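Computed from the coordinates by the stated procedures, all read-outs in this text should not be read as laboratory data. These numbers were taken from a predicted model, which means no experiment stands behind them. Note: ideal-geometry Cβ built from the backbone for every residue, glycine included; neighbour counts use all protein chains shown.
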Amino acid sequence: MGFKLNALVVAAAMTASLSMNANADVARANTGNSEMLFTVYTLATGKATSYALDTGLFLNAFTSGVATNTSWTFNVDANYTNWYNSLDNDQKSGLKWNFIGADSTGVNNFITTLDNTINGITTVAAQRNDYTRNFAGKFDFLASGMNNVTPGADTATNGSVVAANSTADGYAGTLDGNWGSNLKFGNASADIGTSLNLYKITALATGTAASVWAQQAYAGNNYLASFDGAALTISSVAAVPEMNTSAMMLAGIGLMGFIARRRKSV
């Protein structure tokens, strides 16, 4: 979404739902190819507020990029800086962030940041599919809220929405750490300065086939998302290869030869 900075003071930003002026909407999951969203929100009781960035990166393009070991960096904009500076200490101490995209057409799937715990996964296949499909609805709820503030066409480049409270359009915090209890797989959000794994989860649009739980991994690389307060970075972390049996035998023979040569020279 292309935007111009909204010329409003920080105090006003905390009393209304603000955004950059828009000329495009966030592409939702029901298009079959949503845009990836980056959100930051506070967990401070009674002080709900959030920031949501439309990265302009579409889910299909992201998937293709992962397959070729692509990395991405998304810098926060002035909207974020003004919003963050307006927060009090309680709000800042409770900030969480995540990165997410979804497709609710045909075979439902979504890509999300998650911690590396999977203890919350239900063992009932039908429920896993329901959670996946319900999640896409929650994604569209947030995207629609952003679009209410920034109307346009589903061809975005990038832009952001600041929501002052839990009733404001585009408020990301309503979906909380596991996206409105519809994720059921683990914690999708993290503290600023920490990293999360990226996962892709799929489910049939109908039926009871089990969802696929798979960390994004191509050519031995696992993908991580990190937010340091200034930029969101998506990059691969190369897996450490395990030494196979033949390599271990060769290493052992080489070591024995080295020891034998040392003894002979003494």
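Under 5 Å between amide hydrogens, which residues at least 5 positions from GLY170 or on another chain qualify, with H placed 1.01 Å from N in the peptide plane?
GLY145, MET146
For region 67-112, restrict the atom set to alpha-carbon positions and state the Rg and Dmax in Å.
For region 67-112, the Cα radius of gyration and maximum Cα-Cα distance read 16.0, 44 Å.
For the ranges 130-142, 59-71, 38-50, what's the packing order if you count other beta-carbon atoms within 10 Å of each residue, average per peptide, and put the highest first?
130-142, 38-50, 59-71
Please list, in chain and number order, the residues 5+ apart from GLY229 or on another chain whose amide H is under 5 Å from its amide H, with Hs placed from the backbone.
When sequence neighbours closer than 5 places are left aside, the close amide H contacts are GLY193.
What is the calculated FRET efficiency for SER235 to PHE141, with r their C-beta to C-beta distance and R₀ = 35 Å, to the nearest 0.05?
0.75
Rg to Rh ratio, region 44-100, alpha-carbon atoms and Kirkwood radius?
The Rg/Rh ratio comes out at 1.09.
Any idea how far apart ASN60 and SER93 come out in nm if each label point goes 7 Å out from Cα toward Cβ?
That separation, rounded to one decimal, is 4.7 nm.
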